[in-house]
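Structure first, commentary second.
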Amino acid sequence: MTSLLLLVEHAGGNVRRASLEAIGAAQAAGAATTAVLYGEGAAEAAATCGATQAIVLTGEGANSPDAVAAKLADLVTSTGANGFVAAATSAGKDLAPRVAAHLDAVLFTDCIALDAAGDGFSVRRPWLAGKAIAELTTTGSALCATTRPNVFAAAAAGTPGDVSEVAIDATPKARVVSVEDKGEAKLDVKEAPVVISGGRGLKEPEGFGILEDLANAFGTAAVGASRAVVDMGWRPHSDQVGQTGKTVSPQLYIAVGISGAIQHLAGMKTSKTIVAINKDADAPIFKVADYGIVGDAFEVVPALTAAVKAAKG
Amino acid sequence: MNIVACVKRVPSTEALAVLGGDGKSLNTSDMLFGLSFYDDIALEGALNLKESKGGEVTALSIGSAGGTKEMRECLAKGADKAIILTDEHWMERDCRSTAKVLAAQLTSMGADVAFMGRVATDRDNAAVGPMVATYLGWACVTDVVELEMGDGKGTAKRETEHGVETIEFSLPAVITCDKGLYEPRKAGMKGVMGAKKKPLDEVAFEDVPNQAQITSVTLPPPRPEGRIVGEGAAAVPALIEALQNEAQVL
């Protein structure tokens, strides 16, 4: 049976949803799974991660991306795994290429389908931020891939058959010395099940207040932004949705005051349901929207916020 | 310092995808190409470092012979020289092969630091930077939004979902640049004129075959036709009804 080593991220003792989806993707691809976790609360998260087995990394080296990646590659080899999979998160995107290079394997990033059941491996992944979809195989012996959040079904929680500890003793070339907390946990646009993005139609930075209110009404929502407003400095680049920002696939994407430039559409077109609110009935965003409301954001969004609150009870 | 900016020409982000006839490629003949968005920031990082610490900046790319427009642009902005590793199949080259070819070139050039974009906006891999660093045994910091270079070491900040990480690293290193790290400069007329006299070498290299094999390339299925549920705030109840009962996302 194929077996895959997985980077599993966690916070507050709970496995991150994107990692559960990565485990789910590996399981659905027909692989046994070995989860690797590190950092505070790793042992607690490992206990319910749902993988076949789990390894907790300990020691100073866990602060270093190069030391962690070298250890992950060692573990792929020592556990006899056929490859390495991580969610396409900040950590996954940073570590997976290093692990792949240690294994001298090509890396398939941001995959939307994985197949490891047959003789070889095959994946599907977007090109040009989703304007095209490529299906790829590898002539290499290892499968290295990252999975796009919000695409795969999450693995069910479960206790791994075996949880062991492995120490990282390395001389790192780079190490994390501090992490500046965002304060209250802010959902990233890439992982949020609901994304509400705003554009120029919000007129000024303060206009995003109505989107924050709507996001709060949903509870688990993130506020995104178009390139235009990020370029004007209204919103941080980490919130930008589109080809030069983040590509997102939430359950629900609400575009407010965004006309729908090609590079923005590429970044959100795979959302399950798309709602557009725009004054201009001819805006291209309506061509990809499932539901549209033609109207002024400052009139429609507060009414929508009240209605969502009422619907959520 | 021997500073290298690794850059790539990519289709414009406004380009639409058109399939190639073989079912395994895109037809790029009508696409406009330019420097990848983040690579412009990488070049700026390289120029910035030269201006503060001294040294020489080389713009390095894998591309077709004669694909010089973007490299002249780098020279016009201030790079001292440019190298194109010539490859007629540069668009199909996978991340591992690209990384191995670049790593070999950086070694032969005796580079101290390589700046790259966070991601190239064509294949969207964001893999080549950390792969190059790993093949070379160098440090690597990805998605950098703030950078301070010291002697033989540096400090960088990178943006993650859980907050901004501060990372100390040793040189040599690969730095992949995110938006906000630097505002890329524009080339002036003097730069453009000067660029014509700067060395732009087209160099052959020892090939590293791809591991990735393309089975098919397709366009995503079109989204089902949507509808306008109404105008203004009066349309909100109809939208809620659709989200609850049709889309079942509320």
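The values are calculated or read from the model by the stated rules, or taken from the named source; none is laboratory data. Treat the numbers as computed from the prediction; the structure is a model and nothing was measured. Glycine gets a Cβ as well: all are built from the backbone with ideal geometry, and neighbour counts include every protein chain shown. What goes into the accessible areas is simple: the full protein's heavy atoms, side chains included, and nothing from ligands, DNA or RNA. Shrake-Rupley method; radii C 1.70, N 1.55, O 1.52, S 1.80 Å.
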By the DSSP-based rule, helices of chain B that are at least 15 Å long along the axis (C-alpha) and have a mean Kyte score of at least -0.5 are B:37-53, B:95-109
With the label point 7 Å along the Cα-to-beta-carbon line of B:E231 and a cut-off under 20 Å to each amide N, the hits in region A:282-313 are A:282-287, A:291-304
Interchain or sequence-distant (5+) residues whose placed amide H lies within less than 5 Å of the amide H of A:S3 are A:A32, A:N82
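State to the nearest 20 debye the size of the charge dipole of region A:169-308 about its Cα centre, where the only charges are +1 on K and R beta carbons and -1 on D and E beta carbons.
Magnitude of the dipole: close to 500 debye.
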Taking Cα atoms only, helix A:209-218 is inclined relative to the longest principal axis of chain A by an angle, in degrees rounded to 10, of 60
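Taking only Cα atoms of chain A, what ratio of Rg to Rh do you get with Rh as the Kirkwood inverse-distance radius?
Working: Rg = 20.7 Å, Rh = 20.5 Å.
Rg divided by Rh gives 1.01.
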With A:S64 itself left out, Lys, Arg at +1 and Asp, Glu at -1 over residues whose Cβ is under 13 Å from its Cβ give -2
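Would you mind calculating the gained length between B:K81 and B:S64 on full extension (0.36 nm times residue separation, minus the Cα-Cα distance), in nm to one decimal? List each step's numbers first, then the result.
Working: separation 17, 0.36 × 17 = 6.12 nm, distance 1.74 nm.
Residue separation times 0.36 nm, minus the Cα-Cα distance, leaves 4.4 nm.
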Zone reached by a paramagnetic label modelled 7 Å from B:H89 Cα along Cα→Cβ, restricted to region A:113-132 with backbone N below 17 Å, covers none
Shape call for region A:194-312, from the Cα gyration tensor axes a ≥ b ≥ c (a/c under 1.5 means rounded, otherwise prolate when a/b beats b/c, else oblate), comes out rounded
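Once you order the gyration tensor axes a ≥ b ≥ c over the Cα atoms, which shape class does the protein assembly as shown get: rounded for a/c under 1.5, otherwise prolate or oblate by comparing a/b with b/c?
On the way: a/c = 1.56, a/b = 1.18, b/c = 1.32.
In terms of gyration-tensor shape, oblate.
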Note, region A:285-297: 3J(HN,Hα) by Karplus (6.51, -1.76, 1.60, θ = phi - 60°), whole Hz, Gly/Pro = x, goes 4, 5, 6, 9, 7, 6, 9, x, 10, 8, x, 7, 3
Charge tally for neighbours of B:L147 with beta carbon under 14 Å away, counting Lys, Arg as +1 and Asp, Glu as -1, is -3
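Of the DSSP beta bridges with both residues in region A:1-121, give the percent that are antiparallel, rounding to the nearest 5.
Values: 2 of 15 bridges.
About 15 percent, rounded to the nearest 5.
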For region B:225-238, Karplus-derived ³J(HN,Hα) couplings (6.51, -1.76, 1.60; θ = phi - 60°; whole Hz; x for glycine and proline) come out as 3, x, 8, 7, 7, x, 10, x, 4, 5, 7, 4, x, 5
For A:W127, other-chain or 5+-apart residues with amide H closer than 5 Å (H placed, Pro excluded) are A:A132, A:I133, A:A134
In this structure, among A:K190/A:K287; B:K69/B:K179; A:K190/B:K186, pairs with alpha-carbon gaps over 25 Å are A:K190/B:K186
Here region B:203-219 yields Karplus 3J(HN,Hα) values (6.51, -1.76, 1.60; θ = phi - 60°; whole Hz; Gly and Pro given as x) of 10, 7, 9, 7, 5, 10, x, 5, 8, 5, 10, 7, 8, 7, 10, 10, 8
Nearest 10, in degrees from 0 to 90: the angle of helix A:65-78 to the longest Cα principal axis of chain A is 50
Taking protein heavy atoms only, a 1.4 Å probe, and rounding to whole percent, the accessible area of chain A owed to carbon and sulfur comes out at 50
Note: probe point = Cα of B:D30 + 7 Å toward Cβ; backbone nitrogen < 17 Å; residues of region A:99-137 passing the test are A:131-132
Over the protein assembly as shown, with neighbouring protein chains present, the accessible area per residue in Å² at probe 1.4 Å is 39
Long-range amide H partners of B:K24, meaning residues 5 or more apart or on another chain whose placed amide H is closer than 5 Å, are B:V217
